Amino acid sequence: MFISENKDIEIGQKYAPEIEKHLGGKIDDESLQNYIDSVGQRIARISHRPGWEFHFTAVEHKMVNAFAVPGGHIFVTKGMLEKLTTEAQLAALLAHEIVHVTARHSSAAMSRQMGLSFLFIGATAAGAKIPQDASRAAALALQLMGLKYSRVQEKQADVAGMDYMVVAGYNPHGAVELHQMLQEQDKVRPAEFLSSHPSPKNRIIYLNARIQTRYSSPEGLIIGKNAYRSAVLERLPSIVDPASDGLDHLTDQ
Ligand SMILES: [Zn+2]
């Protein structure tokens, strides 16, 4: 593969802020961000690239999606966070995206779908401030967000992602629940995550099979329903009871 790891990092640094903007910006809640980051870092540390710098950011967009940008910038949307119910499900999602980064799937997809010229433009336009470059950067950021991985890469992200989450201490059923949620979600309104990912049906089958053969007694592994509720669900403004001042839930428990 001709794209170096340093190039991955350079592309990530250059386009991550642009992609963050496209996704409605960072959710303005430091505690929520720290929680998402801590779950992500816990998995990244036991990945095949424990020394790489990863960044996990929750963004405001309502669509149900998550993105991995080369070099280790991972974004998860508010729309997705609202649909998850446990820390293990979040871990499954982040582990899947972490594999896309550590296996360098996006590097392969970039060279296949965006061509060589992008990489050289990306390299030389860094730091340029003229408007032409700004709009080109925006266009390229959109292209990066639209990268599609192959079916084989997706399965690898699912399977290795499940291994990552278990090594990090999470109950692997979270991965199955994640895909069940996406499948349900898709009946109501097509989930954006599924426009770039193969059908959940298949994935639920092979993920369940892996649990049976490898992780048939996940007792003691983290599910984290209460942790996820207090760290994420109760902090997302859109699902807080409008009659509440936001402090009620602290005293209700
Ligand atoms: Zn994927």
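Data overview
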read-out: Matching entry among VAL188, VAL166 (being modelled with pLDDT of 95 or more and over 14 Å from GLU97 (Cβ atoms)); value: VAL166
read-out: Residue ranges of helices (runs of 4 or more DSSP H) in region 51-119 with at least 2 members within 15 Å of the ligand (Cβ to nearest atom), crowded, with 23+ Cβ neighbours inside 10 Å and at pLDDT 95 or above; value: 87-102
read-out: Cβ-Cβ under 6 Å pairs, at least 6 apart or on other chains, region 191-206 side within 26 Å of HIS61 (Cα to Cα), far side within 13 Å of the ligand (Cβ to nearest atom) and at pLDDT below 70; value: none
read-out: Residue list for region 21-35, restricted to those being assigned to a helix (DSSP H, G or I), modelled with pLDDT of 95 or more and open to solvent by 40 Å² or more (accessible area, probe 1.4 Å); value: GLU30, SER31, ASN34
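The values are calculated or read from the model by the stated rules, or taken from the named source; none is laboratory data. Since the model is a prediction, treat every value here as computed from it, not as a measurement. FYI the Cβ positions are ideal-geometry reconstructions off the backbone, even for glycines, and counts take in every protein chain you see. All accessible areas refer to the heavy atoms of the entire protein, side chains included, with ligands and DNA or RNA removed. Shrake-Rupley method; radii C 1.70, N 1.55, O 1.52, S 1.80 Å.
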